[in-house]
Amino acid sequence: MAHFALLDENNKVLNVIKVGNDDVQNLEFPESEAVGIEFLKSIGLDGNWKQTSYNNNFRLRYAHIDGYYNPERDAFIHRKVFSAWILDNITLDWIPPVPAPLDGKNYLWHDDGDGTGYWVEAT
C-alpha cells in the first residue's frame, strides 16, 4: 500500500489517501511516486501530491492533515499544536520554548494561545 498527501499552494497537507500496490506497479519509492500521481490524476484527483511513508522510511515522517511539507528538506512536518512551541530546524520537530522540569514529576504544557505558555505539574 502506498500513501499520498495532497498539498495546498502553501504545502499544507489537506488529505492523505491510500493507493494500492498494483496502482503504483509494485514499485518502491521514489519510482512509485510518479506512477502513483499519474494514477491519481487518471481517476480525477488532480492536485499537488507527494508520496509519504506510513513507516517513516522517507521524507522524515508520515504526513498528517494540517501538517506541512518542507520542499527544501523534502520532509513532512507535523502540525503545530501549541502556539508557543518553535520548530527545531534540525529535527523538524516542534519543541517547547522552555524545557520541561527534570525533577521526576510529570508535567503538561499549558498553552495561553497567544504565543506563551508554561509547564504545569500533572495531577
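Which pairs have Cβ atoms under 6 Å, sit 6 or more apart or on different chains, and link a residue in the range 108-121 that is aromatic (F, W, Y) to one that is at pLDDT 95 or above and in a strand (DSSP E or B)? Correct list of pairs: W109/G117; Y118/H110; W119/Y107.
Got at least one residue in the range 86-98 being buried (at least 17 other Cβ atoms within 10 Å of the Cβ), in contact with a strand residue (DSSP E or B) (Cβ under 7 Å, 6 or more places away or on another chain) and not aromatic (F, W, Y)? Break it down stepwise before answering.
Applying the first criterion (buried (at least 17 other Cβ atoms within 10 Å of the Cβ)) to the range 86-98 yields none.
No, the range 86-98 contains no residue that is buried (at least 17 other Cβ atoms within 10 Å of the Cβ), in contact with a strand residue (DSSP E or B) (Cβ under 7 Å, 6 or more places away or on another chain) and not aromatic (F, W, Y).
Mind checking which residues of the range 99-112 are more than 28 Å from L60 (Cβ to Cβ) and either of a type in the set (A, V, I, L, M, F, W, C) or open to solvent by less than 60 Å² (accessible area, probe 1.4 Å) (or both)? Across the range 99-112, the qualifying residue is only P101.
Within the range 22-40, the set of residues being more than 16 Å from F58 (Cβ to Cβ) and either polar (S, T, N, Q) or open to solvent by 40 Å² or more (accessible area, probe 1.4 Å) (or both) comprises D22, D23, Q25, N26, E38, F39.
Out of the range 47-78, which residues are open to solvent by less than 40 Å² (accessible area, probe 1.4 Å), without any contact (Cβ under 8 Å) to a residue 24 or more places away in the chain and within 11 Å of K12 (Cα to Cα)? Hit for the range 47-78 is I77, nothing else.
The values are calculated or read from the model by the stated rules, or taken from the named source; none is laboratory data. As the structure is a prediction and not an experimental result, all values here were calculated from the model. Don't worry about glycine lacking a Cβ; one is built from the backbone with ideal geometry, like all the others, and counts go over all protein chains shown. Accessible surface is based on the protein model in full, side chains and every heavy atom, while ligands, DNA and RNA are left aside. Shrake-Rupley method; radii C 1.70, N 1.55, O 1.52, S 1.80 Å.
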